[in-house]
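What follows is a single structure, written as C-alpha cells, with notes after it.
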Amino acid sequence: MSHADDAPIIDPESAHELTAIMAQLKAWQPLAKRTRQAIHQAPELGFHEHKTRDLIIQKLTEYGVDEIDTRFGGTGVVAVIYGDPQSADQNEGPTIGLRADMDALPIEEENTFSHISTHKNCMHACGHDGHVTMLLLAAKYLATFRGFKGKVILYFQPAEEGLGGARQMIDDEKLFDFYPADRVYALHNWPGIPAGKMAFKPYNVMASTDNFTIHVEGKGGHAGMPQTSNDPLLMAMHIYQGIQGMVSRTFSPLDPVVISVTQIHGGDTFNVIADSAEMNGTIRTQSDEVREDLLARLETLVTHMAKAFGGSARFELSDLENPVAVNDLEATHEATSIARNLLGDKNVLTDIEPMMAGDDFSYFLRHIKGCYAFIGNGSDSAPLHNSFYDFNDEILPIGAAYFAALVYGSPLQA
C-alpha cells in the first residue's frame with residue numbers, strides 16, 4: 001500500500017457531507033478491491049473464519065478503531081469507534097450498530113479470474129467477502145475523520161449460512177448486554193438489482209427459515225413380492241404430495257409459504273424394499289403466526305399420512321432456525337431517506353417484494369430497531385449461491401458510503 005493510495009483527499013471539516021463521503025471512499029476503492037479479492041481467495045466456512053477474523057483485526061488496528069473484542073461467536077469481531085475519543089462521557093450521544101457477515105459456502109468455484117478461491121469446495125458465493133470489505137471501508141472512514149456524536153459499533157458476525165452465528169452471539173453470549181445500540185443496519189448485495197442502486201422495504205423483508213427431517217418407518221421385503229412389505233418410499237411420496245397440497249389449499253395465496261422437500265433417501269439396492277426412508281427440506285414463511293400454524297399442520301399430516309399406510313413417521317425440526325426479518329418502520333424510513341440523499345431518488349427502490357431467502361440478521365432486528373437493505377450487484381451478476389458468482393467490486397464505495405452516511409446523517413445525531 002502506498003501512502004498516496006491511502007491519503008485522505010477531502011477536507012476533514014467536510015467529512016460529514018455526503019459528497020465528501022462518496023468522493024473519499026471512491027478514492028479508496030482500489031485498496032478495498034484488493035482486500036475484498038484477498039478474502040475471496042481464502043474463503044472459510046461458518047465458525048472457521050480464523051484468517052478472515054485475523055485480517056479484520058489487522059485492518060481495524062491499522063485504521064485506529066478504539067476497541068476490538070473477539071469474545072463473541074468464536075470467530076466474530078466487535079469493534080467500537082467513538083466520534084470524539086477525548087470526550088469525558090463516551091456514552092453521550094447515539095450508538096449506531098453496523099453488521100457484516102463473514103462466512104463462505106461449501107461450493108466448488110468455477111470462475112477463472114485471478115482471485116478465484118484457493119480452497120477446495122469452499123467459495124464466497126453469497127458476497128460476504130464484499131460485506132466485510134464494505135464495513136471495513138466504512139470503519140476506515142469513520143475512524144479517520146470522526147466528528148459524529150456518540151459511537152459506532154461494528155459487528156463482524158460469523159456463521160450466517162444456516163449455522164446460527166447471530167443466535168449464538170446474541171441469545172447465548174448476550175452480545176447486547178455488552179454492546180447495545182440505538183439502531184442497527186446491515187446490507188446484502190443482490191444480483192438482478194443494477195449496480196449503483198439500493199432497495200428498501202419496511203416490515204417483513206426476509207423469510208423465516210426452518211430445516212426439517214421426516215423419518216418414515218415401514219417394513220422391508222422382496223421387491224418382487226411387495227404385498228409382504230410396507231413400502232416407506234410410497235409413504236414418503238404421499239407425504240410429499242400432501243405437503244404441497246396443504247400449502248396450496250390451506251394457506252392464503254397472499255401469505256407467502258414455501259416448503260421445499262430437497263432430499264428423499266431410502267433403500268440400498270434394486271430388489272429390496274427398504275425398511276425406512278428419510279426426507280429433508282426447508283420451510284420459509286413471512287409471518288410468525290403462519291409459521292406456527294404450518295408446523296402444527298405438518299406434524300399432523302406426517303404422522304397420519306404414514307399411519308394410513310400402516311407405517312409411522314416422525315417430523316423433526318433443526319434447532320437452527322431464523323425468525324422472520326422485520327425492518328422497523330422508522331429506522332427504514334430514516335435509512336431510505338439517507339440513501340436517497342446519497343444516491344439520488346432514481347437509484348433507491350422502495351417497491352420490492354419480501355424475499356423468501358432468510359438471514360439471521362433477524363436476531364439483531366428482534367432486539368434493536370434497524371433496517372436490512374439491499375445493494376445492487378448488477379443486472380448481469382450470477383445468482384447468489386452459484387459457482388460462477390462474484391461480488392461486484394465497483395459497489396464497494398457505495399455500500400461503505402451508505403454505512404458512513406447512516407452515522408453522520410442519523411436523526412439521532414440532532
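Please treat every number below as a calculation from the coordinates, not as lab data. Source: prediction; values computed, not measured. No Cβ is skipped: glycine too gets one built from the backbone with ideal geometry, and neighbour counts run over all protein chains shown.
Computed values, structure above
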| read-out | value |
| --- | --- |
| Packing-based ranking, highest mean first, of 105-112, 371-378, 337-344 given that Cβ atoms within 10 Å are counted | 371-378, 337-344, 105-112 |
| Full-extension gain in nm, SER379 to ASN271, via 0.36 nm per residue minus C-alpha separation | 33.9 nm |
| Relative packing of 125-137, 396-408, 38-50, which averages over residues the other C-beta atoms within 10 Å, highest first | 125-137, 396-408, 38-50 |
| Within-10-Å neighbourhood charge of LYS201 [Cβ basis; K, R +1; D, E -1] | -2 |
| Helix axis angle, 232-250 relative to the chain longest principal axis, alpha carbon, degrees | 60 degrees |
| Distant alpha-carbon pairs in the chain (separation over 41 angstrom), percent | 22 percent |
| Derived scalar couplings ³J(HN,Hα) [the stretch 75-87; Karplus, 6.51 cos²θ - 1.76 cosθ + 1.60; whole Hz; x for Gly, Pro] | 10, x, 9, 10, 10, 10, 10, 8, x, 9, x, 8, 5 |
| Charge tally in the Cβ shell below 10 Å around CYS371, where Lys, Arg are +1 and Asp, Glu are -1, CYS371 excluded | 0 |
| Inter-site label distance for ARG366 and ALA296 at 7 Å from Cα along Cβ, in nm | 2.0 nm |
| Within the stretch 188-272: Cβ-based charge dipole about Cα centre, in debye rounded to nearest 20 (Lys, Arg +1; Asp, Glu -1) | 360 debye |
| Using alpha-carbon coordinates, inclination of helix 50-63 to the longest axis of the chain, degrees | 20 degrees |
| Acute angle (nearest 10 degrees) that the helix 288-308 long axis makes with the longest principal axis of the chain, alpha-carbon atoms | 20 degrees |
| Approximate spin-label separation LEU254-LYS307, in nm, with each point projected 7 Å along Cα-to-Cβ | 3.5 nm |
| ³J(HN,Hα) computed for each position of the stretch 92-104 - Karplus, 6.51 cos²θ - 1.76 cosθ + 1.60, integer Hz, glycine/proline x | 7, x, x, 10, 9, x, 10, 10, 9, 8, 10, 8, 9 |
| Spin-label proximity, LYS51 to the stretch 103-141 - amide N less than 11 Å from point 7 Å beyond Cα toward beta carbon | 117-120 |
| DSSP beta bridges in the chain [antiparallel fraction, %, rounded to 5] | 65 percent |
| Relative counts (whole %) of C-alpha pair distances in the stretch 208-317, using bins that are 10 Å wide | 15, 45, 27, 11, 3 |
| Given charges at Cβ of Lys, Arg, Asp, Glu: the chain dipole, positive-most of HIS119, PRO202, ILE214 | PRO202 |
| Under 24 Å from the Cα of LYS174 - lysines, other chains or at least 8 residues apart | LYS151, LYS369 |
| Rounded if a/c under 1.5, otherwise prolate or oblate - the stretch 1-119, Cα gyration tensor axes | oblate |
| Partner lysines for LYS120 [C-alpha distance under 27 Å; skip if fewer than 8 residues away on the same chain] | LYS33, LYS51, LYS59 |
| Amide H contacts of ARG183 (H built 1.01 Å from N, under 5 Å, at least 5 apart or other chain) | THR95, GLY97 |
| Nitroxide proxy distance, nm - points 7 Å out along Cα→Cβ at ILE116 and THR262 | 2.5 nm |
| Net charge dipole size for the chain [Lys, Arg +1 and Asp, Glu -1 on Cβ; Debye, nearest 20] | 440 debye |
| Relative contact order [Cα under 8 Å, 6+ residues apart], the stretch 208-317, whole percent | 42 percent |
| Nearest-0.05 FRET efficiency for THR350 and ASP84, computed from C-beta distance (R0 45 Å) | 0.85 |
| Charge dipole (debye, nearest 20) of the stretch 208-317; +1 at Cβ of Lys and Arg, -1 at Cβ of Asp and Glu | 280 debye |
| Stretch gain in nm, segment GLU173-ALA27, where the contour uses 0.36 nm per residue and the Cα spacing is subtracted | 48.7 nm |
